[in-house]
Amino acid sequence: MDKKSVKVSIYHMSEIFLYEYYVNHEDYEISSADHAAEYVKLAEKDEQEGHTDKALQNYLKAHFENPVSAEIYHCIIKCCRQLGDLRGFYQYTLESYDYCCTRAELAGYYRNLGYYYLENYKPELAAALYRYSIFFYKSEQAESEIEFLNKAMNRLMAQESAQEIQRLLRKEKIPIQANQISLALLVKAGEEAEEKKMSGQAMDCYKMVYDLTQDEEIKNRIYRLKDNGRWDV
C-alpha cells in the first residue's frame, strides 16, 4: 500500500504525536469515521459471547486503525493470555511499553511481564515484577500473584527494596520507568494542542506526564489551563 494512502482512526493530539514518531513519519489521513472504535465494539460483543478468538481478530483490526492505543494493546494482550498464546502475549506486551502513558498502564506492563516470566519458570523475576508494578499502581491481581508465589515457593517473595528490584530489572534489560521519549512527545503534543486552542487535549497530555513524573513545571501548566486556576493533583 502506498504510504501516502494510509488512513488511521487517531483523533487525540497525544496519539498523533506518538504515531508520527513510532509508526509513520510519512503522509497519512485521519478517517472521518472512527473505525478503531467500531472494531472494538465488535470485539467486546465477541467476548461477551465467549468467542475470544474472534474478539482477538477484531482487536487486531482496531490496532491496525490505531496502532498507538494503550487500551487496544491491553485488550489484545488479554485475549492472547486467555488463548494461551504466550508468544503473542509477550510480543504485544513489549510493544505496548512505548504507549504506557499513565502509572496504571505502566503497572499493567510490569504485571504482564510478571505473568510471562512466571509461565517461563522464573518465579524470582516474576515476583519482583509484580512487586514493582505495585510501586506504580496498587493492584489486587499483583498482590494475589505474589501471595500465590509465597505459597508455591514456601517463603516470602519480592521482599527487596525498590532499588534492589531496579537493579534486578536492569540486569534483565527491563526498563525501570516510563519511556522518556514518549513523555517528551506528550509534552510537545500538549504544547501543540495549546497552540490550537484545544485546551482539553492539552490538559490530557500534561496530566499523563504529571502522573508519571510529578514535574512541577507540568503541574504549573495544568494550573494555567484550568479555568479556575486549580486542579486537584
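Hey, Arg170 hits all of (1) within 28 Å of Tyr19 (Cα to Cα); (2) in a loop (DSSP other than H, G, I, E, B) but one; which does it fall short on?
(2)
If only one of Asn150, Asn179 is free of Cβ contacts under 8 Å to residues at least 24 places away in the same chain and of a type outside the set (D, E, K, R), which one is it?
The conditions single out Asn150.
Looking only at the range 89-108, decide whether some residue is closer than 17 Å to Asn179 by Cβ, free of Cβ contacts under 8 Å to residues at least 40 places away in the same chain and touching a Lys or Arg at 6+ places or on another chain (Cβ under 9 Å).
yes
Rule-based calculations on the coordinates, nothing more; no lab input. These figures come from a predicted structure and were not determined experimentally. Because the Cβ atoms are built from the backbone with ideal geometry, glycine has one as well, and the counts that use them run over all protein chains shown.
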